[in-house]
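Derivation of every value follows stated rules applied to the coordinates shown; laboratory data play no part. Bear in mind that the values here come from a model prediction, so they are computed numbers and not experimental data. Cβ: placed from backbone, ideal geometry, glycine included. Neighbour counts: every protein chain shown.
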Amino acid sequence: MTIKKLSKSLFCVAALVFATSPLVVFSAEDKNKVKKPAPKIEIIVPVTKLTKSCKPLINKSLKLPKVPIRGLSERSSKRINRALEKMAEEKYDEALELFLKLLNSSKDQNVKAITARYIGYLYAQQSKTDGAMKYFSMALDLGKGYLQHKDMQDLTQNVASMLFSADKKIDSLNLLERWLKNSKVNNHNVFLLYSAILEDTGKSRESICPAYWAAKVSPKPNKNAFQLMLQGHFNFKDMDGAQALLIQLIKYFPEDKGNWRNLSSIYMQQDNTSDALAVMELFYVQGMMEKESDYKQLSAIFAWSEIPLRTAQILKEGIDKKVVEGTEKNWKNVGANFHIAQEINKSVYAYGKAGEKAKDGENELKQGELLADDEQFKKAIVKLDVAIKKGVKDEGKVHYRKGLAYLGLKQYSRAITHLGNATKYKKWRKRSVQWSGYAKTQKKNAAKL
């Protein structure tokens with residue numbers, strides 16, 4: 001069993017963070033509305049060997065710098081409001097023209113910082129990342145000592161997200177570290193982006209704790225944070241920790257099929273067959289099996305658990321659904337396990353399907369043996385005839401088994417003939433002679449009667 005690769009790329013994680021960053025422009029009416037906070041959900045994040053030493057990323061007792069609130073002149077305020085109205089009407093070109101005039105004409109650095117920030121929002125609303133990054137960066141440079149602390153933190157986060165999207169990972173990392181140094185408030189989006197960049201730049205060990213804190217402080221279970229932690233645990237081969245994370249991921253996101261597969265694989269690596277089987281059976285009964293590897297994995301676990309009937313049934317179901325390839329090897333596997341489970345007719349059928357994929361007659365020989373052992377002698381002879389016609393490695397065995405089948409049908413002359421043919425093969429000579437003698441005796445007795 002092998003651990004499957006995580007389905008989410010780290011770039012996708014960063015894109016999600018960027019999408020949830022605070023880039024929305026609020027109208028004056030919206031600013032007066034107070035949203036009720038969503039009810040807090042307790043998120044259970046396993047403590048593992050790799051997360052038990054994770055220290056907080058921010059300092060809650062940090063003393064924030066006091067920035068005086070500077071009012072805007074009436075002229076600047078009117079221009080900004082007119083531009084915002086144009087933005088609300090989605091007249092972006094007109095809004096941009098108004099903002100740029102104010103930015104270029106004003107000598108007040110506070111006005112310039114605020115205006116640059118709004119231009120950044122304007123570009124962001126149009127998904128023009130380059131323009132948004134340019135003006136957010138400008139606002140960040142101009143805003144020190146003018147913009148309020150929260151505004152500066154939001155700008156730092158936004159620019160960091162955009163830098164990462166532009167593949168400027170180190171610059172993004174530096175800004176995020178500045179954000180962390182100047183924050184006393186947890187932000188799961190920042191922690192998640194920080195973790196993603198660390199992982200993406202080869203600092204997998206350092207990425208685990210930011211992902212841990214992202215998961216801890218998120219308002220609801222954060223799949224991306226858990227997956228980044230999981231990636232780190234796989235990288236450093238902490239399978240116990242990975243197991244604990246996968247259990248929580250399945251509880252929170254049961255629809256994610258990869259987690260079920262990985263958890264079962266980890267249990268198998270730990271020789272915990274019973275739990276591996278329980279996970280994959282639950283996966284199966286929920287109708288989540290969709291890959292060839294799913295059916296093969298569950299079938300293999302049943303085999304290791306010495307449950308041959310289910311081993312065969314699961315693999316056959318996969319073949320019947322055309323999810324598992326109907327190769328000779330797979331059908332022989334089905335046939336062998338049905339044989340062990342004493343489901344002879346089902347085993348014969350499976351070997352027949354295997355025979356359809358093969359040029360030689362080995363599978364038909366197996367069918368003949370199974371049928372003969374089950375005293376279905378006429379059917380056995382038919383299959384043995386096909387086997388000899390297609391060709392087998394051990395022709396003596398076919399003659400020997402045909403002789404015994406005819407003996408079972410009390411057709412002693414034919415039994416003697418085929419057992420006689422079998423004596424030509426050294427491997428079968430001794431047994432064939434014995435049974436041939438028995439057949440001759442039985443023939444004489446039958447003649448007397």
Points 7 angstrom from Cα along the Cβ direction at Lys181 and Glu206: gap in nanometres?
-> 1.4
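Assuming 0.36 nm per residue, please report the length gained on full extension of the stretch Tyr425 to Asp320 beyond their Cα-Cα distance.
Numbers: separation 105, 0.36 × 105 = 37.80 nm, distance 4.02 nm.
This chain segment gains 33.8 nm when fully extended.
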For Val285 and Ser127, what does the FRET efficiency come to when R0 = 51 Å and r is the distance between their Cβ atoms, rounded to the nearest 0.05?
-> 0.70
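Answer rounded, prolate or oblate for segment 365-449, using the Cα gyration tensor with square roots of eigenvalues a ≥ b ≥ c: rounded when a/c is under 1.5, else prolate when a/b is larger than b/c, else oblate.
On the way: a/c = 2.37, a/b = 1.37, b/c = 1.73.
Oblate shape, in that a/c is at least 1.5 and b/c is the bigger or equal ratio.
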Using a basic spin-label model with each label point 7 Å from the Cα along Cα→Cβ, how many nm lie between Ile170 and Arg82?
-> 4.6
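For Thr441 and Lys359, FRET efficiency with R0 = 60 Å and r from the beta-carbon atoms, rounded to 0.05?
Calculated transfer efficiency: 0.90.
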Ratio of the Cα radius of gyration of segment 300-449 to 2.2 N^0.38 Å, where N counts its residues = 1.19
The FRET efficiency for Asn345 and Lys448, from their Cβ-Cβ distance with R0 = 30 Å and rounded to 0.05, is 0.20
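Can you classify segment 244-304 as rounded, prolate or oblate using the Cα gyration tensor, where a ≥ b ≥ c are the square roots of its eigenvalues, rounded means a/c under 1.5, and otherwise it's prolate if a/b beats b/c and oblate if not? Intermediate results must be reported in sequence, preceding the final value.
On the way: a/c = 1.94, a/b = 1.17, b/c = 1.66.
Oblate.
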List the aspartates and glutamates whose alpha-carbon lies under 15 Å from that of Lys390, not counting same-chain residues fewer than 8 positions away?
-> Glu356, Asp360, Glu362, Glu364
How large is log10 I(q)/I(0) at q = 0.08, 0.12, 0.13 Å⁻¹ when the Debye formula is applied to the Cα atoms of the chain, each weighted equally and without solvent?
-> -0.67, -1.02, -1.11
With the contact rule set at Cα under 8 Å and sequence spacing of 6 or more, what percent relative contact order holds for segment 270-378?
-> 18
Enumerate the lysines that Lys316 could reach by cross-link, defined here as Cα to Cα under 17 Å, with residues fewer than 8 away along the same chain left out.
-> Lys291, Lys296, Lys329, Lys332, Lys346, Lys353, Lys357
Can you check what the net charge comes to around Leu384, using other residues whose Cβ is under 9 Å from the Cβ of Leu384 (Lys, Arg +1; Asp, Glu -1)?
-> 0
For segment 181-255, alpha-carbon Rg relative to the globular expectation (2.2 N^0.38 Å, N residues) = 1.07
Measuring from its Cα centre, the chain shows a charge dipole (+1 at each Lys and Arg Cβ, -1 at each Asp and Glu Cβ) which, in debye to the nearest 20, is 1440
Work from the charge dipole of segment 288-393 (Cβ charges, +1 for Lys and Arg, -1 for Asp and Glu, about the Cα centre) and give the residue of Asn345, Gln367, Gln297 farthest towards its positive end.
-> Gln367
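Based on other C-beta atoms within 10 Å, arrange Phe164, Phe234 from fewest to most. It would help to have the intermediate numbers written out before the result.
Details: Phe164 27, Phe234 19.
Ranking Phe164, Phe234 by Cβ neighbours within 10 Å, fewest first, gives Phe234, Phe164.
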How far apart, in nm, are the 7 Å Cα→Cβ label points at Lys390 and Ser73?
-> 9.5
Rank Tyr121, Tyr412, Gln153 by how far each Cα sits towards the positive end of the charge dipole of the chain (+1 on Lys, Arg Cβ; -1 on Asp, Glu Cβ) and give me just the farthest.
-> Tyr412
Based on DSSP H runs of at least 4 residues, each adding -39500 (n - 2.57), what is the mean residue ellipticity at 222 nm of the chain after dividing by all its residues, to the nearest 500 deg cm²/dmol?
-> -22000 deg cm²/dmol
Rg (Å, one decimal) plus Dmax (Å, integer) for the alpha carbons of segment 42-114?
-> 21.9, 60
